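A.B. asks: Got a structure for you, questions after.
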Amino acid sequence: MELTPQELDDFSQRVVAFITRHLETLPDKPAMPPGLEPEALRASINEPLPRVSQGIDKAFDDFINKVAQNSAGVGHPLFLGWTRTSPLGAAILSETLGAALNQSVAVWDGAPAATEVELLVIEWIKEMSGYAPGAAGILASGGSMASFICLVAARSAVLPEVREQGLYGMPPLTLYVTPETHYCIPKAAEMMGLGRRSVKTIPVDSELRMDPTALAEQIRLDLEAGFLPLAVAATMGTVNSGACDDLDALHEVCRRYRIWLHVDGAYGGLANLVPKKRHFARGLEKADSFVFDPHKGMYMPFEAGCALVKDPKYLREAFAVVSDYLPNTGNENGDNTLPSGGRFHFRDYGPQLSRSFRALKIYLSLKIYGADRLEDSISRQYALAAELGRRIEQAEDFQLLAPVTLGVVAFCYTGGQARQLKDDELDELNAGIQRRLQEEGHVFLSGTRIRGRYALRACFASFRTEEGDLERLIEEVRDVGKLVWI
Ligand SMILES: Cc1ncc(COP(=O)(O)O)c(C=O)c1O
């Protein structure tokens, strides 16, 4: 199965040449290849299982012509959909290095250096985010899995016997969210067997932040009714608008009732790194668990999420196992403190056993670029979002639908035909604009709803986006707004 050194050399040269050219030419290409249709794309990619080698030439040509050319232009200056970041060149190449070493970061003995690198990267993430210095954590596929890990740890804190007894006969648990919370949090509750009814939705204030008074009142009612609160899930950088909950105020409620405070900072978790946004991280160090996604806020290619828990013993209580076929720490069932300098096994901090070396791309990138450059770049993106928000507020044919907190701008087109439309028709028009923009491919925005209103959503997460792109974005939306009729 070994490629000859000549073949390997040839293949690697093509791969590196492709990456270099891809990154160089991204801004000149569409943000999304125009006119893609699922049926046609499926037909072009579909082929019988190759029983014999097709050769490197044919395989690589197919990658270029079928895969690369029909992929979203993630990293393009005007690819502003969801929270897709422009991956750093060094991080892209690090993925190949990690695959070459092929460490499964499960037990120290099988991945000694990779384990130590992941432990170090977690320390760096704590330092950049301003989270509790004594916390421990694990890298995960992304925010959904990271929040799941944290909430399973919270469940062990609330129900220490849950692994033995399950939920049967236990008081019903409750989890507190807002309408702005990412769906991965209720989904985590479902996956833990809590049921969707255990998820209580707390109203938000004018800035789309969880209302602490309403939270306290709901908790009081639930306690009276015999529920057992599992956790309050706050957000730093909501998916819809980038809103940041008041962590200090929510912590105060959690402290009063002794409830676990979880912070989903999948997108906005590095606010602390940016001096002008640092206040959004105030109180973060007091949270019981915290999630940040390097693949959203740190220019890492997918997948890279990070789950952190203030008291590491709850991670061990939730996930540590003893097995005959793998090395054990020796204290999985008793004392939860990790012997200092001992062999650390990441399989004891999460549900996965085989785990890729996700930390390598973060480790090499921070060494190659430095946290200061990262801070600078994130600051610029937040400034671009603020500037777009200002221009939208000043324009007569646009409306800003949410305050701009970090890098997300939620707005709608209200010019031309839209001036005559009722709210639901305006929503339909803006949904049409968003579809048409995606089809044309010059600018890629995603869509969402803010307080029921359809919003075009621009998320600044590419370090290639510059001030000049803002006017292009506004003009594209305006032009398409004039073309789309309902
Ligand atoms: C605030 C927030 N939390 C969680 C997630 C889910 O993260 P992932 O897609 O990495 O699982 C997202 C995704 O956009 C998000 O914006």
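Each value in this text was obtained by applying a stated rule to the coordinates, not by laboratory testing. Since we're looking at a predicted model, the values are computed, not measured. Cβ atoms come from the backbone with ideal geometry, glycine included; neighbour counts cover every protein chain shown.
A.B. asks: For the stretch 156-267, how big is Rg over Rh, using alpha carbon atoms and the Kirkwood form of Rh?
C.D. replies: On the Cα set of the stretch 156-267, Rg over Rh gives 0.96.
A.B. asks: Relative to the compact-globule scaling 2.2 N^0.38 Å, provide the ratio for the alpha-carbon radius of gyration of the stretch 264-391.
C.D. replies: The stretch 264-391 yields a ratio of 1.30.
A.B. asks: Near Asp57, within a Cβ-to-Cβ distance under 13 Å, what is the net charge of the other residues, with Lys and Arg +1 and Asp and Glu -1?
C.D. replies: -2
A.B. asks: What is the stretch 355-399 by shape, rounded, prolate or oblate, if you read a ≥ b ≥ c off the alpha carbon gyration tensor as root eigenvalues and call it rounded for a/c under 1.5, prolate for a/b larger than b/c, and oblate otherwise?
C.D. replies: oblate
A.B. asks: Classify the stretch 163-215 from the C-alpha gyration tensor, please: rounded if a/c falls under 1.5, else prolate or oblate depending on whether a/b exceeds b/c.
C.D. replies: prolate
A.B. asks: Semi-axes, largest first, in whole Å: what does sqrt of 5 times each Cα gyration tensor eigenvalue give for the stretch 233-279?
C.D. replies: Result for the stretch 233-279: semi-axes of 21, 12, 8 Å.
A.B. asks: I need the Kirkwood Rh of the stretch 327-486: take the reciprocal of the average 1/r across all distinct C-alpha pairs and report it in angstrom.
C.D. replies: 19.1 Å
A.B. asks: Take Lys422 and Asn70, extend 7 Å from each Cα along the Cα→Cβ direction, and tell me the distance between the two endpoints in nm.
C.D. replies: It works out to 4.2 nm between the two label points.
A.B. asks: How big is the Rg/Rh ratio for the stretch 1-139, C-alpha atoms only, Rh by Kirkwood, two decimals?
C.D. replies: Radius of gyration over Kirkwood radius for the stretch 1-139 works out to 1.04.
A.B. asks: Note down the magnitude of the dipole of the chain about its Cα centre, charges +1 on Lys and Arg C-beta and -1 on Asp and Glu C-beta and zero elsewhere, to the nearest 20 debye.
C.D. replies: In debye, rounded to 20, the chain gives about 600.
A.B. asks: Extending each Cα 7 Å along its Cβ direction at Glu467 and Leu36, get the distance between those two points in nm, one decimal.
C.D. replies: Rounded to a tenth, the inter-label distance reads 3.3 nm.
A.B. asks: Full-extension gain between Trp124 and Ser206, please, as 0.36 nm times their residue separation minus the C-alpha to C-alpha distance.
C.D. replies: 26.1 nm
A.B. asks: When the chain is fully extended, how far beyond the present Cα-Cα distance does Glu24 get from Glu2, taking 0.36 nm per residue of separation?
C.D. replies: Extending this stretch completely gives an extra 4.7 nm.
A.B. asks: How would Phe280, Phe11 line up from fewest to most surrounding beta-carbon atoms within 10 angstrom?
C.D. replies: Phe11, Phe280
A.B. asks: Between the stretch 362-416 and the stretch 217-231, how far is it from one alpha carbon centroid to the other, in angstrom?
C.D. replies: 38 Å
A.B. asks: Same structure again: As a test of the definition: which semi-axes, in Å, follow for the stretch 266-314 when you take the square root of five times each eigenvalue of its alpha carbon gyration tensor? Largest first, please.
C.D. replies: Each semi-axis is the square root of five times an eigenvalue, giving 19, 17, 5 Å.
A.B. asks: Taking a quarter of the surface of the convex hull around the Cα atoms of the stretch 116-184, what do you get in nm²?
C.D. replies: 6.6 nm²
A.B. asks: Bin all alpha-carbon pair distances of the chain at 10 Å intervals from 0 and give each bin's fraction as a whole percent.
C.D. replies: With a bin width of 10 Å, the distribution comes to 4, 18, 26, 25, 18, 7, 1, 0.
A.B. asks: In square nanometres and to one decimal, what's the mean projected area of the convex hull around the Cα atoms of the stretch 420-486?
C.D. replies: 4.9 nm²
A.B. asks: Starting with the fewest neighbours, write out Thr25, Thr181, Thr329 ranked by other beta-carbon atoms found within 10 Å of each beta-carbon.
C.D. replies: In increasing order of surrounding Cβ atoms, one gets Thr25, Thr329, Thr181.
A.B. asks: Once you place label points 7 Å from the Cα toward the Cβ at Tyr325 and Arg435, how far apart are they in nm?
C.D. replies: With each label placed 7 Å out from Cα toward Cβ, I get 5.0 nm.
A.B. asks: Ok, one more. For a 29 Å ceiling on Cα separation, which of these pairs sit above it: Lys29/Lys361; Lys187/Lys296; Lys200/Lys276?
C.D. replies: Where the Cα-Cα span goes over 29 Å, the pairs concerned are Lys200/Lys276.
A.B. asks: Charges at C-beta only: +1 for Lys and Arg, -1 for Asp and Glu. How large is the resulting dipole of the stretch 441-486 about its Cα centre, in Debye rounded to 20?
C.D. replies: Result for the stretch 441-486 is approximately 440 debye, rounded to the nearest 20.
A.B. asks: Classify the stretch 92-237: rounded, prolate or oblate, from the alpha-carbon gyration tensor (a ≥ b ≥ c, eigenvalue square roots; a/c under 1.5 rounded; otherwise prolate if a/b is larger than b/c)?
C.D. replies: prolate
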